[in-house]
Amino acid sequence: MRYWAVSGVGNSIVLVGMMGSGKSAVGHCLHRRTGLPMLETDEMIASKLGMSVREIFSKHGEKEFREAETKALRRVSRTKPAVIATGGGMVLREENLEILKRLGLIVWLDGNKETLFARASRRTDRPLLQTKNPSKTFSQILDARRPLYAKIADIRVDTSGLTEEEVAMAILSKLKRVNWETGFGAVRKS
């Protein structure tokens, strides 16, 4: 069952949030439920550069990765409506924030620090957690990014204790409440 019909640029569901928030998994659930194509900016970058995100960080550094992130976001902005799972650091550049706002409704997947860190730690390919104290590093990154996610988000969903399907259903429920299918511009923060 499709929840709504979408047409035109600006009707995407854009998922932002910290590593471990479930952007990719929730994005796939939303894709199945809405029929919208699924785009993952980290996968787009890895495909374009022919190496994993970890390899990009290792060989080219974070600055180069962030530039590739902006280029990927520019490519996404020319596509039809989609479910877009962004990398956790997508909100670090002002240019990205402007592009994200034009893409559609921005959904911040949040959670408590312990849950997010536990999820993020399951994967060993997280370049920013390759430190002597990954927990401390994670906390510092989260503390720096939370205000940025809060600033840009139209909707916030706490993913702590929820399955990916439950998060997707919560998002769709919130979208229905803001009457997304007839235009959500009125709920957009400036």
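Sorting 111-119, 26-34 by average packing, meaning the other beta carbons within 10 Å per residue, from highest down gives 26-34, 111-119. Pull up all non-local amide H partners of Val16: gap of 5 or more, or a different chain, and H-to-H distance under 5 Å with H placed in the peptide plane. Under 5 Å from the amide H of Val16: Val107, Trp108, Leu109. Phi angles of the stretch 52-57 translate, via the Karplus equation with coefficients 6.51, -1.76, 1.60 and θ = phi - 60°, into HN-Hα couplings of 6, 4, 4, 5, 4, 4 Hz per residue; Gly and Pro are given as x.
Positive contributions from Lys and Arg (+1) and negative ones from Asp and Glu (-1), summed over other residues with Cβ under 9 Å from the Cβ of Val26, come out at -1. In this rough spin-label picture, where each label sits 7 Å from Cα along the Cβ direction, the Thr79-Glu62 distance is 2.6 nm.
Whole-Hz Karplus values for the stretch 15-24 come out as 9, 10, x, 5, 3, x, 7, x, 4, 5 Hz, taken residue by residue from phi with 6.51 cos²θ - 1.76 cosθ + 1.60 and θ = phi - 60°; glycine and proline positions read x. Here the Kirkwood formula puts the hydrodynamic radius of the stretch 12-179 at 16.0 Å, using every distinct Cα pair.
Bear in mind these aren't lab numbers, they're just calculated from the coordinates by the rules spelled out. Not measured: the values here are computed from a predicted model. Using ideal geometry, Cβ is built from the backbone for each residue, glycine included, and neighbour counts are taken over all protein chains shown.
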